[in-house]
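The values are calculated or read from the model by the stated rules, or taken from the named source; none is laboratory data. On a predicted model such as this, the values are computed, not experimentally measured, just so you know. Neighbour counts run over all protein chains shown; Cβ positions are idealised from the backbone, glycine included. Note: areas computed on protein heavy atoms with side chains; ligands, DNA, RNA excluded. Shrake-Rupley method; radii C 1.70, N 1.55, O 1.52, S 1.80 Å.
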Amino acid sequence: MEAYLGGVLDFSSVDYPHDSASVVFFEGCDFRCRYCHNYKLLEFTHKTDLEKTKETLKEYKKFVNAVVFTGGEPTLQPEALLELLKFAKSLKYRTKLDTNGNNPEMLRKALPLLDYVAVDLKTRFLDYRKITQKKVDTKKIEKSLRLITGKGHEARTTVVGGLNDTPEIMDEIGILLKKCGIKKYVLQQFYAGMGTLDKKLTDQNEPTREKLLQLARIMHKYGLEVYIRTRQAGEEKVAEETPTGLVGEEMPHQDAQTSEKGDL
Ligand code: SF4
């Protein structure tokens with residue numbers, strides 16, 4: 001079988017929580033997020049024989065425990081994704097999928113083969129198009145969120161100044177996540193250092209760690225375990241603010257820079 005892939009990264013310490021991983025980059029995406037830094041993967045351009053990819057994964061298993069399927073949007077090539085997931089499981093890899101949540105039916109099919117799923121929640125539903133630059137059926141995103149209520153999955157938002165960084169937007173997101181039964185929510189720091197699809201964002205500063213902490217603390221009232229990811233401190237569990245002080249410690253545990261596509 002052939003598939004449109006952008007490459008396989010041999011080693012990443014930042015793409016699978018608490019573990020080392022190889023990363024398979026799928027080409028093609030149905031969104032055009034303004035802040036996207038993997039924008040070179042958005043079109044279907046490079047066909048690859050999956051047997052070659054499987055050989056690569058077999059080789060990399062000597063060094064890493066997990067494999068992450070990202071993109072682009074992996075669920076747009078369902079047969080290839082399922083085949084690679086089954087193969088990865090046969091090698092006893094731990095598996096993770098990064099998805100924009102726009103294909104809940106495919107996510108449902110893939111779930112039994114996945115140890116970890118990260119579903120993007122770009123912003124409150126009202127503003128979705130401002131980020132994705134595509135008309136999105138947000139009911140599909142909600143369906144995907146409802147599929148990842150088990151422990152070990154996450155919903156996440158990349159915070160971009162001026163696009164989705166207000167307390168009002170966080171409150172609307174919190175209400176939705178609570179309704180869907182999400183446990184883990186991550187606020188990721190936007191970073192323009194690898195370039196962005198919308199060149200107007202390329203010179204924009206990343207939100208500060210303090211800004212992310214401020215937004216994250218709003219989310220505790222929705223019963224969420226809240227984390228932030230920054231380039232400075234990696235992933236940190238955010239302590240809850242109570243009238244008597246902070247409950248829990250901010251706990252850094254890994255670098256947070258997201259991977260760029262690797263070699264085939
Ligand atoms: S950020 Fe993700 S969902 Fe958005 S365009 Fe890029 S690959 Fe697609």
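Extent of the chain along its three principal axes (Cα atoms, max minus min coordinate, largest first): 57, 35, 33 Å. By how many degrees, 0 to 90 and rounded to 10, does the Cα axis of helix 78-90 deviate from the longest principal axis of the chain? For 78-90 against the chain, the angle is about 90 degrees. Shape annotation for segment 78-201: C-alpha extents along the principal axes are 45, 34, 24 Å, from largest to smallest.
Counting only heavy atoms of the protein chains, get the accessible area per residue of segment 27-107 (1.4 Å probe) and round it to a whole Å² value.
On the way: 3400 Å² over 81 residues.
So segment 27-107 comes to 42 Å² accessible per residue, rounded to a whole number.
In a simple Cβ point-charge model (Lys, Arg +1; Asp, Glu -1; nothing else charged), the chain has a dipole of about 680 debye relative to its Cα centre.
Round to the nearest 10 and give me the degree value, 0 to 90, for the angle of helix 167-180's Cα axis relative to the longest principal axis of the chain. Computed tilt is about 60 degrees.
Probe radius 1.4 Å, ligands and nucleic acids ignored: give me the carbon and sulfur share of the accessible area of segment 109-253 as a rounded percent. Don't skip to the answer; put the middle values down first.
Numbers: 3500 of 6910 Å².
Roughly 51 percent, rounded to a whole number.
For the chain, the Cys residues with no second cysteine's beta carbon closer than 4.7 Å are Cys29, Cys180.
Based on Cα contacts under 8 Å between residues 6+ apart, the chain shows a relative contact order of 19 percent. Remark: for residue pairs Lys178/Lys199; Lys47/Lys135; Lys139/Lys184; Lys40/Lys135, the C-alpha separation exceeds 26 Å in Lys178/Lys199; Lys47/Lys135. Taking amide H as placed 1.01 Å from N in the peptide plane, Glu154 has its amide H under 5 Å from the amide H of Val117, Ala118, Val119, each at least 5 places away in sequence or on another chain.
Placing one equal scatterer on every Cα of segment 1-145 and applying the Debye formula, the log10 ratio I(q)/I(0) at q = 0.08, 0.12, 0.17 Å⁻¹ is -0.20, -0.46, -0.92. Angle check, please: helix 138-147 long axis (alpha carbons) against the longest principal axis of the chain (alpha carbons), in degrees 0 to 90, nearest 10. Roughly 80 degrees between the two axes.
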